[in-house]
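Working notes, beginning with the structure itself.
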Amino acid sequence: MRAMAAESIARRVIRRCRALVSSPLATASLAFTLLLPSGAFGQTPPGTDPLPANPAVPPVPGQAAPRAITRDAQGHPTVRALRVGEAIAVDGRLSERFYTTSPFDDLIQAVPVSRGVPSERTEVWIGFDDANLYVAARVWDSLGEAGWIANEMRRDSNQLRLNDSFGIYLDTYRDRRNAVGFFVTPIGGYAEVQITNEATPNFDWNPIWDVATGRFDGGWTAEMVIPFKSLRYRPGVEQIWGIQIRRSVLRSNEWSYLTAVPIQVAGAGPNGVFRVSMYGDLVGIEAPPTGLNLEVKPFATSRISTDRVVASPVENDWLADAGVDVKYAVTQNLTLDVTVNTDFAQVEVDEQQVNLTRFNLLFPEKREFFLEGRGVYDFGIARLGSSGPGGGGAGAAPTLFYSRQIGLQGSAPVQVLAGGRLTGKVGPFDVGLFSIQTAEDKTIGAVSTNFSVVRVKRDLFGRGNVGALFQNRSASIVAPGESNRAWGVDGAFGFNEEASLVTYYARSHTPRLAGNDQSYRARLNYDADLMGGTADYVVVGNEFNPEIGFVRRRDFRNSALSARFSPRPASIPWIRQMSFQGDVNYFENDRARYVESRDRSGQISLDLENGDAFTVNATDTFEFLARSERISGALFETGRYAWADYQASYRFGPQRRWQGILGVQWGGFYTGKRFSVSLGNGRVEVHPQLSIEPSLEFNRLDLPQQTHSGQYNQHVARTRVTYTMTPRAYVSGLVQYSTGSQTVSGNFRLRWEWAPGSELFVVYTEDRNTGALGERWSELSTRALVIKVTRLFRP
């Protein structure tokens, strides 16, 4: 016992010293502190509440009690949740008697040192009562508030993932594939996520829960309460769940987990927590019976709008409307969602994109009803642990189900009359069924249409699955008066933590189309830290036409190879990892078998220790145009075109008050030349509550053979300004200008969650046409002011 205690003390001293000697300032501070009497620096940071004295919880607790966490011979952790015997106020103070029990402090560093000891300690408590799950953490930080990267408070903001954070992720079905996560930053910004089949994170999932943060002399605290009603799990009182915990220290680009996560997936992206199959076990929870798990959310909207571009223009047209959304737990594992007279007026407008190709662009889905549970409907995902569907629609592979085809006719919205969705698990099967009915709108040429989708997926082996998807659109776009159907089977198989195979076969049926209506794919991935590569083969027939999907190009066979070598040079302290990658991508016409497109590229990238990254890329491109094509407004005749271009970019990491990716591209473009400068994902922290997010893409095309050379440039500029009053209330404005569409537009939104699950939206949008200037700089195209209120009732 004495030897074990001595070993425990030695481990704590080593951890503390490693954290302190990493900074000369911190080392000097330690020496100075040792010369002062106890309590000389007992003050609390300004604007925070001091933690109440708790003699039962010493500032540096001892080793976690055996009942809090154990690990087997392979290091797999089992965490025990404890019943809470008193009411817990979620205020971030950690003052209740429950916190006199021993926490566990047993995280494992994944980045930058694989399987290393974290530089900072994280103590965690997990408890429960008859209604809630409680998760609390004392997040130690040797540099205090001055060392935190915490510059975002808005709920669900992408920027939160580039802040210091503490999070817990739960595999409540313990199927080693699906999970939900909850995380928080030191200043109280928080978010949640759904993970489906170790892929496709859904950050738009918004369950009812609460969290508070606080501060103490050694760091910050987090306290969460998650109602059991907000979770889905297997029937029965005694539960065993999967569990993962993640802590980030962004100033040193350090990430630590409860389990040992492979270094190649453990960084700032979500891939580390994707590995649900590597979660530990959470035992001891006694879940309450389901009871009546019902949520009713009625809403009311009022709007005044002007639209001068429709066939029958309207001016200051006023409309009031109402609808309702209902969520009901049919069983412990199946949830039914019903929507009536749905309104999406509160959704932020699309960001303008530059298109310098001959194919359509894919815009992301932003409507909440279609986002929740969307991972179930993903078909032929690019790889296990990826963040999007098969190719994402932006590459070669089509997306069999693309929900933006519902409720939109082109870019014009179509009223959703009603719809229902049933999602969940039945044994080892993931199940998703939904049906949506849209209204007729003669002004934009939309007919009343039903959209129905059935999705079934079966867990297979350790990390694999097989599934089938069927969809029907009652009114085809291509064949008026007929219906359109599509179906397919897909599979994903994980051979080990690095290698996987993804495959699918799909067909569509559209009356009056008699060509090749098939598509299939096989993609082999290998993704280790030192080396990686892919081999991909995709076929899309000339008449493959899933009208609730997205097909970027048809009638091709695509063969692609990629290889990567990524050493971590120990002799260069400021470089974390170098990557050398080569890609070859061929598109062959499926019927005539001639080469349509070919890309050969090489890339070198440097990931720096401070979080910055530098990348250079060279590409050799060949395009054969079988017919004349208009690209960026320029008409290119039938023929063969070949050119080379080069790119360089620098990403400024999250440790900076200003962030973004600065890029430049130059070289050939069909018969001429292209020069591009871009600033992507820009962000300037004015204050933790106020940020400015500029973005710019400047494309100059020099096409001397064109009739109007110099008139084909495309530029997009946009700026988003966000002020966050609290994590549940913010105002934001998005202003953007595009030369391609010759429009300038603004979208201004107030979002306030005035009660849990209940929200107020005030949205103003305006689009102006800059194409025909005349005496004025622009002309009004559309304008709208919308007020929407929702109220959640939860028996």
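The values are calculated or read from the model by the stated rules, or taken from the named source; none is laboratory data. A quick note: this is a predicted structure, and the numbers were derived from the prediction, not measured. Glycine also receives a Cβ, built like all others from the backbone with ideal geometry; neighbour counts cover every protein chain displayed. Remember, those area values only see protein heavy atoms, side chains included, never the ligands or the DNA or RNA. Shrake-Rupley method; radii C 1.70, N 1.55, O 1.52, S 1.80 Å.
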Scan of the range 113-126 for residues that are crowded, with 19+ Cβ neighbours inside 10 Å and either of a type in the set (A, V, I, L, M) or in a loop (DSSP other than H, G, I, E, B) (or both), ordered by number:
Pro118, Ser119, Glu120, Arg121, Val124, Ile126
Any chance the range 612-620 includes a residue that's modelled with pLDDT under 95, open to solvent by 40 Å² or more (accessible area, probe 1.4 Å) and not in a strand (DSSP E or B)?
no
Given the structure, is Gly214 in contact with a Ser or Thr (Cβ under 9 Å, 6 or more places away or on another chain), under 14 Å from Ser165 (Cα atoms) and not in a loop (DSSP other than H, G, I, E, B)?
yes
Against the condition at pLDDT 95 or above, open to solvent by 20 Å² or more (accessible area, probe 1.4 Å), closer than 15 Å to Val677 by Cβ and over 29 Å from the mean Cα position of the chain (by Cα), how does Trp643 come out, does it pass?
no
When you scan the range 384-401, how many residues do you find that are in a loop (DSSP other than H, G, I, E, B), at pLDDT 50 or above and buried (at least 21 other Cβ atoms within 10 Å of the Cβ)?
7
Looking only at the range 344-360, which residues are open to solvent by less than 30 Å² (accessible area, probe 1.4 Å) and modelled with pLDDT of 85 or more?
Val354, Leu356
Considering only residues that are among the polar types (S, T, N, Q) and outside any strand (DSSP E or B), look in the range 539-576 and name the one that is surrounded by the most Cβ atoms within 10 Å (Cβ to Cβ).
Asn545
If you check Arg246, Arg234, which single one turns out to be surrounded by 20 or more Cβ atoms within 10 Å (Cβ to Cβ) and among the basic types (Lys, Arg)?
Arg246
Only one residue in Gln655, Gln659 is of a type outside the set (Gly, Ala, Ser) and assigned to a strand (DSSP E or B). Which one?
Gln659
Looking for whichever is modelled with pLDDT under 90, of a type in the set (A, V, I, L, M, F, W, C) and more than 17 Å from Leu160 (Cα to Cα) here; the options are Val265, Val225, Val261. Which one fits?
Val265
Return yes or no: is Ala563 at pLDDT 95 or above and more than 30 Å from Ile149 (Cβ to Cβ)?
yes
Of the numbered conditions (1) crowded, with 19+ Cβ neighbours inside 10 Å; (2) under 30 Å from Tyr641 (Cα atoms), Pro704 satisfies every one except a single condition; which is it?
(1)
Under 8 Å between Cβ atoms, which residue pairs at least 6 apart in sequence (or on different chains) link something in the range 434-454 that is under 12 Å from Ser483 (Cα atoms) with a partner that is open to solvent by less than 50 Å² (accessible area, probe 1.4 Å) and of a type in the set (Lys, Arg)?
Thr449/Arg473; Asn450/Arg473; Phe451/Arg473
Report every pair of residues separated by at least 6 positions or lying on different chains whose Cβ atoms are under 6 Å apart, first residue within the range 678-689 and under 28 Å from Ala648 (Cα atoms), second open to solvent by 50 Å² or more (accessible area, probe 1.4 Å) and of a type outside the set (Phe, Trp, Tyr).
Ser678/Glu697; Leu679/Leu662; Leu679/Leu696; Gly680/Ile661; Asn681/Ile661; Val684/Ile692; Glu685/Arg657
Please count how many residues of the range 511-538 are closer than 24 Å to Gly467 by Cβ, touching an Asp or Glu at 6+ places or on another chain (Cβ under 7 Å) and either in a loop (DSSP other than H, G, I, E, B) or open to solvent by 40 Å² or more (accessible area, probe 1.4 Å) (or both).
4
Name every residue in the range 442-479 that is more than 24 Å from Ala418 (Cβ to Cβ), open to solvent by 30 Å² or more (accessible area, probe 1.4 Å) and in a loop (DSSP other than H, G, I, E, B), in order of residue number.
Phe461, Gly462, Val478
If a residue has to be in contact (Cβ under 8 Å) with a residue 40 or more places away in the chain and either assigned to a loop (DSSP other than H, G, I, E, B) or buried (at least 19 other Cβ atoms within 10 Å of the Cβ) (or both) to count, how many in the range 719-731 make the cut?
5
I'm checking my understanding of the structure. Among residues of the range 748-780 that are at pLDDT 90 or above and hydroxyl-bearing (Ser, Thr, Tyr), which one is farthest from Ser732 (Cα to Cα)?
Ser758
Quick one: Leu162 ticks every box in (1) among the hydrophobic types (A, V, I, L, M, F, W, C); (2) in contact with a Lys or Arg (Cβ under 9 Å, 6 or more places away or on another chain); (3) modelled with pLDDT of 90 or more bar one, so which box is it?
(3)
Please tell me if Thr671 is without any contact (Cβ under 8 Å) to a residue 24 or more places away in the chain and either of a type in the set (S, T, N, Q) or crowded, with 18+ Cβ neighbours inside 10 Å (or both).
no
Does Val735 satisfy the condition of being closer than 30 Å to Asn699 by Cα and touching a Gly at 6+ places or on another chain (Cβ under 7 Å)?
yes
